[in-house]
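Below is one structure; the comments refer to it alone.
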6 protein chains.
Amino acid sequence: MSEFGRVGVAVRNIRRAEVHTVEALGRYGVATIHEAQGRTGLLRPYMRPIYPGATVWGTAVTVLAQPGDNWMLHVAAEMVDPGDVVVVALTTDNDDGMFGELLATSYLAQGGRGLVIDAGVRDVRALSEMKFPVWSRAVNARGTVKATLGAVNVPVVCAGMLVEPGDVVVADDDGVVIVPKDRAAEVAVAAEARERKEEATRRRLAEGELGLDIYGMRDALAKAGLMYPDAEK
Amino acid sequence: MSEFGRVGVAVRNIRRAEVHTVEALGRYGVATIHEAQGRTGLLRPYMRPIYPGATVWGTAVTVLAQPGDNWMLHVAAEMVDPGDVVVVALTTDNDDGMFGELLATSYLAQGGRGLVIDAGVRDVRALSEMKFPVWSRAVNARGTVKATLGAVNVPVVCAGMLVEPGDVVVADDDGVVIVPKDRAAEVAVAAEARERKEEATRRRLAEGELGLDIYGMRDALAKAGLMYPDAEK
Amino acid sequence: MSEFGRVGVAVRNIRRAEVHTVEALGRYGVATIHEAQGRTGLLRPYMRPIYPGATVWGTAVTVLAQPGDNWMLHVAAEMVDPGDVVVVALTTDNDDGMFGELLATSYLAQGGRGLVIDAGVRDVRALSEMKFPVWSRAVNARGTVKATLGAVNVPVVCAGMLVEPGDVVVADDDGVVIVPKDRAAEVAVAAEARERKEEATRRRLAEGELGLDIYGMRDALAKAGLMYPDAEK
Amino acid sequence: MSEFGRVGVAVRNIRRAEVHTVEALGRYGVATIHEAQGRTGLLRPYMRPIYPGATVWGTAVTVLAQPGDNWMLHVAAEMVDPGDVVVVALTTDNDDGMFGELLATSYLAQGGRGLVIDAGVRDVRALSEMKFPVWSRAVNARGTVKATLGAVNVPVVCAGMLVEPGDVVVADDDGVVIVPKDRAAEVAVAAEARERKEEATRRRLAEGELGLDIYGMRDALAKAGLMYPDAEK
Amino acid sequence: MSEFGRVGVAVRNIRRAEVHTVEALGRYGVATIHEAQGRTGLLRPYMRPIYPGATVWGTAVTVLAQPGDNWMLHVAAEMVDPGDVVVVALTTDNDDGMFGELLATSYLAQGGRGLVIDAGVRDVRALSEMKFPVWSRAVNARGTVKATLGAVNVPVVCAGMLVEPGDVVVADDDGVVIVPKDRAAEVAVAAEARERKEEATRRRLAEGELGLDIYGMRDALAKAGLMYPDAEK
Amino acid sequence: MSEFGRVGVAVRNIRRAEVHTVEALGRYGVATIHEAQGRTGLLRPYMRPIYPGATVWGTAVTVLAQPGDNWMLHVAAEMVDPGDVVVVALTTDNDDGMFGELLATSYLAQGGRGLVIDAGVRDVRALSEMKFPVWSRAVNARGTVKATLGAVNVPVVCAGMLVEPGDVVVADDDGVVIVPKDRAAEVAVAAEARERKEEATRRRLAEGELGLDIYGMRDALAKAGLMYPDAEK
């Protein structure tokens, strides 16, 4: 029913990651979650927030859209549940402004929390004032038609990363990370452990201790052959 | 007298769009104007404002500059009338910083309102503090020479769009749109109509009504063959 | 001892530009310094600050890093003296997030003032709140390994510009400029002269005088053949 | 066992598409197969063959490699069966030359037919003389280390497309297309039907009949409002 | 009737440059024609031929196409006269494969000589074998729909250059140049003069004379301040 | 006398690498030399030959050119000695066609062997027929002026790599590598050793032996934790 990249379907009643797990992941930054799940899950870094400080976490409603055509983003509005983040992939590279203030108003009214779109977005001042967070590859006023079917809630590749409907999406100034719904609980635990450990390290570094010593890197550097010559004067 | 892309001339006494039409267009955003004139007129989306919230509207003084050379931007200063926006095209791709605080001071003193340049700009902090709005393809401290003629007030292609001297330029966070001077009045009317209609739609969407119903898309989607399967669990 | 691009060494006791010269250069913007040293020294304009208004000046500790590997950034922490700016070049194009909050904490504790990195950076919100200035080619949450030697304090090419250890680095919203340590004093003098001259020009332009007259360009334009036809109506 | 993007594993005994289906698909071009499976399956068009006329079809052995590191390409050599095409995805954007004449010699000796790599390749003259077909994002002499684990035979995203081990890969001058192994038979049938139909159309077009008539487009164009004015003279 | 960028029209009976002028221009290379008309008329250099040695000259039939949609290329087929070259501009950046063997067969049957398209092209092996010359921004197997109107024979901007229906198009390995139909005769004369002059220069250079002397550059270089120091040994 | 990036000078009587060393290096490919000197010396991979099979080796005459200006390429002609390769860096990113058939004729007449240029080149068909090898970032018919001084025979950064006058340049289908003149002899020895070793490895791989065994990688892979699960069926 939900084949990769299949067009012509809008899949209902998807299974979503559990709410408390999503909320647990929402406490951590994108960089922390990416590390906690073994350095996987990141979208390509060309995906940027439309305003500084934008942050979102939620469950993915996926959209596969055609170039220059935002029909499926309207279909998706009906499938947004409270807590969802809409994730839009394209069938080909396209920067058109597929999303603006009106769709944001609609998604918000359905309980949507934000948007991740591998295309363009417009009305960015209004979106910023509404505090509707968006990560996109471009800001572009160019409008789109509504003529060709794509899909909603099929697995897609968005900005280089596989996203399945119901997966967890976390995004902040550093970018966007996807956590597969079946790994979400374990990743939340690992993220917490990582954050605790980093806090301790931060204190030691602030006091002037070196990472070389805290992480015990000196032996490995010597073994790899690092030399410390003096500069010629 | 004002042949496309011709170099070696600075054309005086260009015909400009009428002031009240320019001011009427200045009430609308770039996305609205672009839609109102049939989805035409946009510059490529790589043209970005140097600070968030930058906005400008006015009549175009066009410049055709050579790579690494801002001589013609000085010639243009003499041709700026109150209400003008200078639009700079290049004869080839070039990111050098052709414009900075001094030229902005000069353009302002002549009544200029802003700059759209398919090249680089520098002194961006000073320009932001002066609230001198600029849309450019790059921020770049690299300076330029004054050695080779280009042109002022000939038709040019700037960031993929034809611009004629005297055309209306409107720019905001979403990008830059050009309205040909002879279509300006009709586009202003269409923009107002569009905005009024969007306001009504926005209210309905905010109350939870779906675009699928407001725009009557369900029949077309069914006809195109969209299916609504349930997800496999 | 400090051969261009040599890997496997971390050079100690580099000679740095003199403190009072560095501080003198820190009074000028990047565009001014670039002009004052004959339009040289700029890094490519894809190097952007992570927050508006970021500014730094100091002496370069150079790093040559491998793609996906930030080991040498930890080695560099030990070599940072108060007043240094770390400048990271890569052996190949790579956007991974090699630097974040922890390394910034460490560099700050050693007296480091900022970072210039021809790769990615992460934790940008935390870095912005710490006011730790960074210029990078990308923001990217992707983490790195610590497996392969690069170098510290060898001459490198960073974003298209040669940087030698101890050179002066000045960076602001306009980009990043390098002043070779042996030219620093002379460039500081030239920068001051330039700034004074520009101040006088700015006043005249603000009063409506034209650059064409202030700079005496009219003869050269006429000689080059510039014509001033009237527009066809 | 073969989770998406998982590192640290080299999966044995993958299930491959059936030989006769692969060979059937090998009779069609990439454009035909892409159309036959509903305009899906294409890698991004930056993937280019290293010599004109390169063609390959076979079953995918997938590799997930780290930037600047080709260790996993050596691990993959052991997993290549006759008829395989190695498909290399990267954990991040990287153009290094991960593959050259020696690995090609090894893959050929194991029965490998070609390579699709979202990174760089080197020794392209030797590879061209060997007629070893490669599609890559770059030609780059830069060598790599062997230091960090990736994976072999896990699902990957290569140049924007999901590839599962054992899927069918077809590549020619037009690019690279993936056919999921479970759809391969049906796609081969559709490709044949398409090709037959196109042959008939080609003959009619060559005799001067218009696509407008053959495809019956005139009504739809009229309905969409296309007008045929005469040019102003 | 033929407004810039207007959609929804296919303009008949355009005025074309005169045949003997087109044929005269066809004797010169793109670089020569570009120089002969004052260094104008070139399309951006990302437009590349699909096979080495591709050459074409003719009169432009212009097309404005929507992203992912090649409907207008079919409409254009009916408007191609013997000696025409179809020039396709897009309303937005798009790399889809809008043109292939079937359309080439049709254009050839109508007397078309080649294609210049600011999008993608497919079936490049077949096109190369047919010797149907194409300049494009990409090779891409991705197919397109036929759903949204664009235009035929309106002025367009293609790869940064204004093209009017009936203008002369000349293309070779160096790129694509447009000669406005009303300047074609004068440019052909200038091109011939330039070529004759270059032939004489070539002979002198081949005999070892220097451009510095042939073009008399030494005085200007000295005046600009060029110094000839010896290298330090 | 030959300061990095200094403009306004054309340095005479540079010291070049010794002829027999240059010829020795000319026997090896770019990839081999790059490895033999510790994976350094490569220009960025966007530098591509203008025809397949282009090869050159020789000593560098360096040029620093301004955007849109090829004056210094004419100055360089006088400084070319038999066996030289001209290496052109730009003060900023620029793709203009700075070099064509006439300059190639002149360089050849002086004994020049080829060109490496971080800008554009034109007349590529003529250059290919002359077998004059060029590596460039673009093919572009756009011509240039002769108005602003750059430099000849100063150290430059070309495509990301430092090049000093007299250094060895080797280029082939894989790209361009620079060998500093004082390391040339040692690198030639290392290249020969590497080639001999590779020849032996190639034979073993061709017979079906695996790199895993030849290079003894299995222990390191196991230590790094690589697992070999079976696929789920």
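Legend: mean number of C-beta atoms from other chains within 10 angstrom of residue C-beta atoms, peptide A:12-21, equals 2. Pair-distance distribution of chain F: all C-alpha pairs, bin width 5 Å, starting at 0; shares per bin in whole percent are 1, 7, 14, 17, 17, 13, 9, 6, 5, 5, 4, 2, 1, 0, 0.
Computed on protein heavy atoms with a 1.4 Å probe, the accessible areas place D:PHE99, A:PHE4 in the order A:PHE4, D:PHE99, largest first. The apolar share of the surface of the protein assembly as shown, taken as the fraction of accessible area on carbon and sulfur atoms (1.4 Å probe, ligands and nucleic acids excluded), comes to 49 percent.
Could you give the angle, 0 to 90 degrees to the nearest 10, between helix F:184-206's Cα long axis and the longest principal axis of the Cα atoms of chain F? Taking Cα atoms only, the helix is inclined about 40 degrees.
Mind giving me the FRET efficiency for D:GLU232 and C:GLU232? R0 is 22 Å, r the Cβ-Cβ distance, nearest 0.05 is fine. Could the numbers behind the result be given before it?
Values: r = 18 Å, r/R0 = 0.81.
After rounding, the FRET efficiency stands at 0.75.
Counting only DSSP beta bridges with both residues in the protein assembly as shown, what percent are antiparallel, rounded to the nearest 5? For the protein assembly as shown, the DSSP antiparallel bridge percentage is about 45.
Past 27 Å, Cα to Cα, is the threshold; run D:LYS146/F:LYS197; E:LYS197/F:LYS146; B:LYS223/D:LYS181; C:LYS181/F:LYS181 against it and keep the listed order. Don't skip to the answer; put the middle values down first.
Working: D:LYS146/F:LYS197 18 Å; E:LYS197/F:LYS146 18 Å; B:LYS223/D:LYS181 31 Å; C:LYS181/F:LYS181 25 Å.
B:LYS223/D:LYS181, as the Cα separations exceed 27 Å there.
How big is the C-alpha Rg of the stretch A:125-233 next to the rule-of-thumb value 2.2 N^0.38 Å, as a ratio? Provide the component values of the computation, followed by the final result.
Working: Rg = 22.9 Å, N = 109, 2.2 N^0.38 = 13.1 Å.
Scaled against compact globular proteins, the figure is 1.75.
Consider all pairwise Cα distances in the protein assembly as shown and report the whole-number % of them above 67 Å. Present the calculation step by step, with values, prior to reporting the outcome.
On the way: 34981 of 976503 pairs.
Value for the protein assembly as shown: 4 percent of Cα pairs lie more than 67 Å apart.
Across the options A:GLY166, A:LEU127, A:ALA10, the greatest Cα extent toward the positive end of the charge dipole of chain A (unit charges at beta carbon of Lys, Arg, Asp, Glu) belongs to A:ALA10. Applied to the stretch B:225-230, the Karplus parametrisation 6.51 cos²θ - 1.76 cosθ + 1.60 on θ = phi - 60° returns per-residue 3J(HN,Hα) values of x, 5, 10, 10, x, 7 Hz, with x for Gly and Pro.
Here's the picture: charge each Lys and Arg Cβ at +1 and each Asp and Glu Cβ at -1 in chain F, and of F:TYR107, F:THR144, F:ALA224 the one pushed furthest to the positive end of that dipole is F:THR144. Over the Cα atoms of the stretch F:1-109, each weighted equally, I'd like the Debye log10 I(q)/I(0) at q = 0.13, 0.16, 0.19, 0.24 Å⁻¹, rounded to two decimals. Taking Cα atoms of the stretch F:1-109 as identical point scatterers yields -0.58, -0.91, -1.29, -1.60. For the stretch C:56-93, accessible area lost to neighbouring protein chains reaches 20 Å² or more, against the chain alone with a 1.4 Å probe, at C:PRO67, C:TRP71, C:HIS74, C:VAL75, C:GLU78, C:THR91, C:THR92, C:ASP93.
Keeping all protein chains in place, calculate the accessible area per residue for the stretch C:158-207 (probe 1.4 angstrom), answer in Å².
Working: 2070 Å² over 50 residues.
Normalised by residue count, the accessible surface of the stretch C:158-207 is 41 Å².
Build a GNM of chain D with springs between Cα atoms under 10 Å apart, and of D:ARG204, D:ARG183, D:ARG137 the one that fluctuates most is D:ARG204. Of the residues in the stretch E:160-175, those shielded by at least 20 Å² of accessible area once partner protein chains are present, compared with the chain alone at a 1.4 Å probe, are E:GLY160, E:MET161, E:LEU162, E:ASP173, E:ASP174.
What dipole magnitude, in Debye to the nearest 20, does the protein assembly as shown give about its Cα centre under +1 on Lys/Arg Cβ and -1 on Asp/Glu Cβ?
Numbers: 156 positive and 192 negative charges, 1 e Å.
Computed charge dipole of the protein assembly as shown: roughly 0 debye.
Would you mind checking the tilt of helix E:101-110 against the longest principal axis of the Cα atoms of chain E, expressed as 0 to 90 degrees and rounded to 10? Result, in degrees: 90. Only Cα sites of the stretch B:158-216 enter the Debye sum here, all with the same form factor; the resulting log10 I(q)/I(0) across q = 0.18, 0.20 1/Å is -0.78, -0.84, listed in q order. Summarising the strand pairing of the stretch C:17-151, around 15 percent of its internal DSSP beta bridges are antiparallel.
Do the sum for chain E: with -39,500 (n - 2.57) for every DSSP H run of n ≥ 4, divided by all residues, what is the mean residue ellipticity at 222 nm, to the nearest 500 deg cm²/dmol?
Numbers: 8 runs with 72 residues, N = 233.
That comes out to -8500 deg cm²/dmol.
Both numbers refer to the Cα atoms of the stretch F:96-177; Rg and Dmax are 12.8, 35 Å.
Relative to one another, the C-alpha centroids of the stretch F:10-69 and the stretch E:123-141 are positioned 33 Å apart.
Residues D:LYS197, C:LYS146, sorted by accessible area with the largest first, give D:LYS197, C:LYS146 [1.4 Å probe; ligands and nucleic acids excluded].
Quote the total accessible area buried by chains C and A together, excluding ligands, DNA and RNA, probe 1.4 Å, nearest 100 Å². Provide the component values of the computation, followed by the final result.
Numbers: alone 12390 and 12380 Å², together 21370 Å².
Summed over both sides, the interface buries about 3400 Å².
Here the spin labels are modelled as points 7 Å beyond Cα on the Cα-Cβ line, and at A:GLU18 and D:ARG203 they lie 6.5 nm apart.
The GNM of chain E, with springs linking C-alpha atoms under 10 angstrom apart, assigns the highest mean-square fluctuation among E:ALA104, E:ALA222, E:ALA31 to E:ALA222. Using a probe of 1.4 Å on the protein chains alone, the accessible area found for C:VAL7 is around 60 Å².
How much accessible area per residue does the stretch E:1-78 have, counting only protein heavy atoms and a probe of 1.4 Å, in square angstrom?
Solvent-accessible surface per residue comes out at 33 Å².
Overall, chain F carries a charge dipole of about 120 debye about its Cα centre when +1 sits on the Cβ of Lys and Arg and -1 on the Cβ of Asp and Glu, all other atoms neutral.
Could you rank E:GLU207, A:GLU101, D:GLU199 by how accessible they are, 1.4 Å probe, largest area first?
Values: E:GLU207 150, A:GLU101 45, D:GLU199 70 Å².
Largest to smallest exposure gives the sequence E:GLU207, D:GLU199, A:GLU101.
Quote the FRET efficiency, to the nearest 0.05, computed for C:ALA220 versus E:ASP182 with a Förster distance R0 of 51 Å and r equal to the Cβ-Cβ distance. It comes to 0.95.
Among C:ARG44, C:ARG142, C:ARG203, the largest mean-square fluctuation in a Gaussian network model of chain C (Cα springs under 10 Å) belongs to C:ARG203.
Legend: P(r) of the stretch F:69-144 from all alpha carbon pair distances, 10 Å bins from 0, whole percents, reading 21, 60, 19, 0. Across the alpha-carbon atoms of the stretch D:57-102, the computed radius of gyration and Dmax are 10.7, 30 angstrom.
The values are calculated or read from the model by the stated rules, or taken from the named source; none is laboratory data. It should be emphasised that the depicted structure is a prediction, and the values quoted were computed from it without experimental measurement. We place every Cβ from the backbone using ideal geometry, glycine too, and count neighbours over all the protein chains shown. Each accessible area value is taken on the protein alone, full model and side chains, heavy atoms only, with ligands, DNA and RNA left out. Shrake-Rupley method; radii C 1.70, N 1.55, O 1.52, S 1.80 Å.
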